Each structure stands twice: as structure tokens, then as C-alpha cells.
Amino acid sequence: VQLQASGGGLVQAGGSLSVSCVASGRTFSSLGMGWFRQSPGKEREFVSAINWSGGGTYYSDSVKGRFTVSRDNSKNTVYLQMNSLKPEDTAVYFCAADERASWRPREERWYNYWGQGTQVTVSS
């Protein structure tokens, strides 16, 4: 599976940004998809995830109510809509995927495939 993330950029605090990730190489609708982020000097952390059908979504406490994950299986794409952005949301955002039935959406080690990351910078 190849993952290509895009859509990052610079936004002021309180603003919105959407990032997306296109998958190829495997039936997209069989994949659980996740978003993780990493800030300088910090470990990569879970942000959000969505199951194969889109019927199950997961969020970290830090983004719940502000971020929305969605997917379009006809376009092999997963989206992360980020609203009310804060400077602490500044990070490289990675999309990840896994095909296992035992997939645990919040745990990094349960993702076999990773994209290259896209930078999101929120200015104060």
C-alpha cells in the first residue's frame, strides 16, 4: 500500500485546514485508516482514525470536537478536517493504514503502512 498525504500548510490560530491521503496498491475499502502527528522533540501521537466502512471513527482527546475524519472509498481517500486550530496542533501529520481484522485504531504498532507526512503549522 502506498499512501500520499497532502493539504498541509500555514494557518492562523482559530482557522481551519484539511489534509487528505490517497491510498493505492490495495483495495481501499478493506483498510482501516489513521492519522498521527509528530512535533519536534516529541513522539508521534495518535490523532484520529476511521474504520473500513466509515462507520467507526476515533479521536484523541486533544482534537475531539475540533477535527473530523472521513473517507471516500470511491476515491481511495481519507480526509482530516481540522477546525479551531491551535498552535499546539503544529506538527507533521502522517496517514497510516492497516488491513488486519485485529486492527487497533489508536495504536501506532497496529499500522503496517505509512505515508510521508505533511506539515501543518498554526501561528499564534
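Give region 1-23 a look and list any residue that's more than 15 Å from the chain's Cα centre (by Cα) and buried (at least 16 other Cβ atoms within 10 Å of the Cβ), or say none.
VAL1, VAL11
Among VAL69, VAL120, which is the only one that is without any contact (Cβ under 8 Å) to a residue 40 or more places away in the chain, under 15 Å from SER20 (Cβ atoms) and touching a Leu at 6+ places or on another chain (Cβ under 9 Å)?
Unique residue meeting the criteria: VAL69.
Please work out if SER74 is surrounded by fewer than 13 Cβ atoms within 10 Å (Cβ to Cβ) and free of Cβ contacts under 8 Å to residues at least 12 places away in the same chain.
Working: surrounded by fewer than 13 Cβ atoms within 10 Å (Cβ to Cβ): yes; free of Cβ contacts under 8 Å to residues at least 12 places away in the same chain: yes.
Yes; evaluated as a whole, the condition is true for this residue.
Given the options ARG26, ARG44, ARG66, name the one that is more than 11 Å from the chain's Cα centre (by Cα) and modelled with pLDDT under 95. Even if it seems obvious, please write down each step before you answer.
Details: ARG44 fails: modelled with pLDDT under 95; ARG66 fails: modelled with pLDDT under 95.
From the options ARG26, ARG44, ARG66, the qualifying one is ARG26.
Among VAL92, VAL63, which is on the phi < 0 side of the Ramachandran plot and surrounded by fewer than 19 Cβ atoms within 10 Å (Cβ to Cβ)? I'd like the intermediate steps shown before the answer.
Numbers: VAL63 fails: surrounded by fewer than 19 Cβ atoms within 10 Å (Cβ to Cβ).
After ruling out the rest, the residue left standing is VAL92.
The values are calculated or read from the model by the stated rules, or taken from the named source; none is laboratory data. On a predicted model such as this, the values are computed, not experimentally measured, just so you know. So basically every Cβ, Gly included, is an ideal-geometry build from the backbone, and we count neighbours across all protein chains shown.
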